[in-house]
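Undergrad: Below: one structure in structure tokens.
The numbers here are math on the coordinates, done by the rules we state, and not lab data. Note that the structure is a prediction, hence the values are computed from the model and not measured. Every residue, glycine as well, gets a Cβ built from its backbone with ideal geometry; the counts of neighbours run over all protein chains shown.
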Amino acid sequence: MEPTTNTKDRIVWHLACSVEDIPEDGGGCALIEGKQIAIFNFARRGEWYATDNECPHRQQMAIGRGMIGSQGEEPKVACPFHKKTFSLKNGQCLNDDDYKINTFPILIKENQVYIGL
Amino acid sequence: MKANTNTHIIVIGNGMVGYKFCEKLLARKKNDQEFTLTVFGEEPRVAYDRVHLSEYFAGKTADDLTMASVDWYAENGIRLFLSDPVVDIDREEKLVRSHHGHVVHYDYLVMVTGSGAFVPSIPGVEKDGVFVYRTIEDLELIQAYAKKAKRGAVLGGGLLGLEAAKALLDLGLEEAHVVEFASRLMPRQIDDAGSKILQSQLESLGLNIHLAKSTQEIVGGDFIKGMQFADNSFLDVDMLVISAGIRPRDELAKIAGLDTHPRGGIVVDNGLRTSDPYIFAIGECALAHHMIYGLIAPGYEMADVVAGALTGTEKEFLPYDMSTKLKLIGTDVASFGDPFVEEPACKTIRYENKAKGIYKRINVSPDGKELLGGILVGDAEQYNMLLQTCKNKTILPPDSEDLILGSRGGEDAGAGVMSLPDDALICSCEAVTKGMLCHEIGENGHATIDALKKCCKAGTGCGGCIPMVKDIIQGVMKQNGQYVRNVVCEHFDHSRQELLDLVKMNGLRTYGEVLNEFGHGDGCEVCKPVVASLLASLWNENVLTKDRAPIQDSNDRYLANIQKGGTYSVVPRIPGGEITPDKLIVIGQVAKKYGLYTKITGGQRIDLFGAHVNDLPLIWEELIDAGFESGHAYGKALRTVKSCVGSTWCRFGVQDSVSFAIEVEERYKGIRAPHKFKSAVSGCIRECAEAQSKDFGIIATEKGWNLYVCGNGGSKPQHAQLIASDVDKETCIKLIDRFLMFYIKTADPLTRTATWLNKMEGGISYLKAVVVDDLLGLAAEFENEMQSLINNYKCEWKEVVDNPELRKHYNHFVNVPDKDPTVAFEELRTQKRAREWA
């Protein structure tokens with residue numbers, strides 16, 4: 001997977017969890033370098049995504065508990081608190097232009113999930 | 001009509017037709033015309049909707065029934081005298097004199113004196129407890145008397161008589177009888193076979209029907225005690241409502257020397273003029289084409305003819321179609337065209353289904369090309385189409401039985417009505433044609449019933465055309481490509497109800513299957529919880545197993561309520577609000593151990609706040625060990641059944657409300673629905689449990705239980721409405737089973753029962769017909785489905801606690817056992833609260 005914010009040579013891959021730790025078509029949260037990262041196993045599309053776990057709307061650590069889905073072709077996640085939805089591809093909030101979350105590169109290797117910071 | 005002069009018009013009578021005449025005259029008035037309009041009314045009230053009079057007993061007020069307020073008359077410069085009947089007409093001087101002594105000059109006089117109840121001269125009709133059914137005052141008297149009466153009868157099995165009998169049932173009389181002189185019910189509208197079906201329907205609802213009974217005497221002292229019939233039988237009743245037909249009010253016309261008919265009615269010509277060319281008569285006092293038109297639609301047409309004559313548009317009043325459709329205590333009855341024509345003047349096709357209480361008859365011309373008339377009992381869905389086919393002399397298809405058996409080819413709804421010609425009269429009360437409706441919908445964008453009522457008054461009279469108007473709206477929008485369906489979201493082109501049926505028929509149990517079969521795309525936060533809810537409502541399997549955990553909404557996902565800061569609250573079930581000291585102690589111990597804020601909820605249970613997601617299974621393990629179960633405070637499911645203490649302790653209680661509340665809560669716990677639902681049981685009429693604010697509420701009576709449904713607290717409070725009185729527990733439970741399943745199967749997502757009812761066509765009468773009278777024939781299915789949900793119930797928290805796979809997800813992090821380090825609390829009155837969000 002291509003990194004979005006960092007340049008390739010500076011990515012450090014961190015082991016987050018096993019594939020089985022994240023439910024299919026669901027999400028979870030990993031603690032990496034003191035940071036809460038939401039991880040999504042979009043099994044229906046055969047894709048994995050990683051974003052901030054914190055929702056910028058009310059600073060709640062909950063994105064990893066949100067429901068995922070699609071809006072048109074865009075994969076998205078909805079915060080369980082007030083249903084702000086964010087693009088899993090670029091982190092842009094889809095129903096409120098004021099908000100955006102960070103997305104992170106993610107790598108699946110030998111049944112392990114790695115996050116690039 | 002001469003221009004530039006002020007014409008004085010006096011209207012005698014302020015009923016529906018009298019009011020409609022004023023309205024039509026104002027509408028037809030041309031700019032160079034001037035009228036001085038004076039109205040005399042006998043009743044103390046301004047004109048009200050007499051057609052829907054019986055709704056007065058169902059909770060409508062006199063104000064609700066008013067056609068137009070007193071202000072309307074003032075604003076339009078109409079002088080209105082109420083409680084002031086005209087007592088004399090001086091035709092020489094063109095003056096009328098009223099009861100209160102007002103003498104007013106007229107150029108033209110319109111008599112709309114209406115009709116009174118016909119009271120046959122039976123000995124004893126003067127006794128107390130004998131009423132007529134005609135005005136709001138009559139209804140008030142009946143209502144007051146019914147409080148102390150037990151057995152009531154209605155004399156007359158016609159349309160109004162059966163309405164009156166329904167009113168007696170609604171007023172809570174133990175027995176209600178209908179006594180009819182003829183050998184069938186509604187003799188003017190339906191035939192013997194139709195009457196038999198109607199009779200069995202009415203009898204199954206508790207009415208007692210006596211046909212071919214000639215009443216000889218009304219027996220009793222000052223008060224009625226019973227009815228003596230010519231065949232020596234006797235009926236023991238303590239009140240009687242006479243509804244034996246109408247008598248035109250022609251006494252004033254007689255005094256004034258106008259021509260009247262020996263059997264009643266002011267004789268008018270085709271222009272509705274009486275024997276005095278300056279005096280018109282319209283409505284039920286007028287005898288036109290040798291008959292009295294006792295329906296509202298021809299009355300309105302008469303008003304229009306006279307308003308036209310006075311403003312310079314002469315037209316004739318033609319013999320009027322007397323087709324009718326009405327709903328009697330949940331049973332449709334309709335007749336149209338010539339219902340009684342016999343062979344060889346026609347070919348008659350009959351369909352009868354005794355089990356379902358349906359009878360249909362159509363009379364087709366001998367050459368099979370034209371529909372002459374017919375009768376529908378039990379199912380009048382095709383009435384509007386048949387009526388239009390009959391009126392417009394539409395050429396019939398070769399298999400004319402399709403008309404009543406339904407098109408068995410699966411044609412689109414609405415296609416039928418769109419094939420009608422543009423001049424087909426849809427709303428006969430207001431003379432609105434299909435062409436006018438199509439224009440308003442298509443060109444002017446009035447695409448709702450409310451908008452159409454406003455712009456062309458369609459559907460404002462008897463309301464019978466509304467289903468057809470709806471079909472026309474759909475038809476026009478479909479033609480214009482504007483057809484908007486009530487779909488779940490972009491991923492499913494189905495409504496919730498359709499989706500539920502599809503999922504059920506195909507036996508699907510996971511979200512993935514449902515999306516693959518009936519949806520497209522990858523789903524979203526709207527359709528996932530909808531599908532989750534209907535899977536739970538259909539099969540009642542654990543919501544977190546199979547692929548169902550990630551499709552649950554925020555609270556269902558962790559079987560707890562997410563709160564500010566990301567912690568959860570926990571609510572154990574406390575059925576009926578009854579709890580032992582030992583269990584109270586356990587709740588206290590658990591709260592202390594896990595540092596939880598505790599609060600008593602509005603639903604008589606205890607909420608424990610501030611639990612980390614990691615602690616939820618541990619907390620529940622302890623609660624379950626102590627005998628608690630999930631309270632489903634997180635689910636769109638039954639919350640609580642609140643109770644007052646009832647007859648076990650309360651000195652006023654008449655029934656054991658706590659035991660019943662516990663029974664009800666145990667029965668419906670865990671049942672998931674389109675939205676949360678609540679209940680309460682009160683032990684007496686004081687209603688301390690506030691049952692009338694609940695989705696279903698039960699109130700004890702001396703004889704049993706009253707059941708109320710579709711109440712709501714919250715932002716738009718609404719009182720629940722009574723659907724059954726004095727029923728025993730078993731019946732009450734059956735009715736709740738049916739009510740809940742009907743709600744679960746038909747409501748839109750996240751729609752509480754109150755909103756569901758408000759949107760329901762036919763409102764509470766329809767709901768009652770479905771739930772109590774089994775109008776749809778689905779009661780047994782509803783009860784079975786509810787029973788199977790109940791049989792499948794398991795405490796879902798116990799399943800999570802016992803299942804390591806499910807427990808695994810109760811960690812904030814997937815890679816470390818830590819709790820969320822960002823969670824923080826503030827202190828509050830020796831407990832804690834969530835930190836305020838930024």
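Undergrad: Stretch B:Glu140-B:Val487 to full length: gain in nm at 0.36 nm per residue minus the Cα-Cα span?
TA: 120.3 nm
Undergrad: Okay, moving on. For B:Lys678, go through the lysines and keep the ones whose alpha-carbon is under 21 Å away, minus same-chain ones fewer than eight residues off.
TA: Partners within reach: B:Lys599, B:Lys636, B:Lys642, B:Lys669, B:Lys694, B:Lys716, B:Lys729, B:Lys734, B:Lys745, B:Lys759, B:Lys768, B:Lys794.
Undergrad: Evaluate the relative contact order of chain B (contact order divided by residue number), counting alpha-carbon pairs under 8 angstrom at least 6 apart; express in whole percent.
TA: 7 percent.
Undergrad: While we're here: Which FRET efficiency, nearest 0.05, do B:Val70 and B:Asp90 yield, Cβ-Cβ r, R0 41 Å?
TA: Approximately 0.90, to the nearest 0.05.
Undergrad: Sorted from largest down, give the three principal axis spans of the alpha carbons of region B:561-791, whole angstrom values.
TA: Largest first, region B:561-791 extends 54, 43, 35 Å along its Cα principal axes.
Undergrad: A further question follows. With a point put 7 Å past each Cα toward its Cβ, work out how far B:Ser419 is from A:Trp13 in nm, to one decimal.
TA: A separation of 6.8 nm, rounded to one decimal place.
Undergrad: Also, I was wondering about something else. For region B:379-408, which trypsin sites (Lys or Arg not before Pro) pass both filters: DSSP loop (anything but H, G, I, E, B) and at most 10 other C-beta atoms within 10 Å?
TA: B:Arg408
Undergrad: Enumerate the amide H contacts of B:Ser115 below 5 Å, restricted to partners 5 or more residues apart or on another chain; note that Pro and chain-start residues carry no placed amide H.
TA: B:Arg249
Undergrad: Equivalent-ellipsoid semi-axes (√(5λ), Cα gyration tensor) for region A:1-114, whole Å, largest first?
TA: Ellipsoid semi-axes (Å, largest first): 21, 15, 14.
Undergrad: Report, in deg cm²/dmol and to the nearest 500, the calculated mean residue ellipticity at 222 nm for chain B, where each DSSP H run with n ≥ 4 adds -39500 (n - 2.57) and the sum is divided by the residue count.
TA: Rounded to the nearest 500, it is -9000 deg cm²/dmol.
Undergrad: Further question on the same structure: Just to be sure I understand the model, the point goes 7 Å from the Cα along the line to the Cβ. What's the resulting B:His102 to B:Gln589 distance in nm?
TA: About 8.2 nm, to one decimal.
Undergrad: Using r as the Cβ-Cβ distance of B:Leu750 and B:Ala193, and R0 as 41 Å, what FRET efficiency do you calculate, to the nearest 0.05?
TA: Calculated transfer efficiency: 0.30.
Undergrad: Among B:Thr5, B:Phe40, B:Val87, whose Cα sits farthest toward the positive end of the charge dipole of region B:1-89 (+1 at Cβ of Lys/Arg, -1 at Cβ of Asp/Glu, about the Cα centre)?
TA: Ranked along the dipole, the leading option is B:Thr5.
Undergrad: If the cut-off is 30 Å between C-alpha atoms, which lysines fall inside it for B:Lys29, apart from same-chain ones fewer than 8 positions away?
TA: B:Lys2, B:Lys20, B:Lys94, B:Lys315, B:Lys434, B:Lys453, B:Lys454, B:Lys457
Undergrad: Ok, one more. How much length, in nm to one decimal, is gained on full extension between B:Ala27 and B:Leu318, taken as 0.36 nm per residue of separation minus their Cα-Cα distance?
TA: Extra length available between B:Ala27 and B:Leu318 comes to 102.6 nm.
Undergrad: Something else now. Can you tell me which lysines have their Cα less than 23 Å from the Cα of A:Lys35? Leave out same-chain residues fewer than eight positions away.
TA: Leaving aside lysines fewer than 8 places away in the same chain, those within reach of A:Lys35 are A:Lys8, A:Lys76, A:Lys83, A:Lys84, A:Lys89, A:Lys100, A:Lys109, B:Lys564, B:Lys808, B:Lys819.
Undergrad: A follow-up question, please. May I ask you to compute the full-extension gain from B:Lys504 to B:Glu781, defined as 0.36 nm times their residue separation minus their alpha-carbon distance, rounded to one decimal in nm?
TA: So the chain would gain 98.4 nm between B:Lys504 and B:Glu781.
Undergrad: State which helices in chain B qualify, where a helix is a whole DSSP H run, it must extend 24 Å or more along its own axis by its Cα atoms, and its mean Kyte-Doolittle hydropathy must be at least -1.0.
TA: Helices meeting the criterion: B:729-746.
Undergrad: If you don't mind, there's one more thing I want to ask. Which FRET efficiency value, to the nearest 0.05, is calculated for B:Ser214 and A:Asp98 with the Förster distance at 56 angstrom and r the Cβ-Cβ distance?
TA: 0.10
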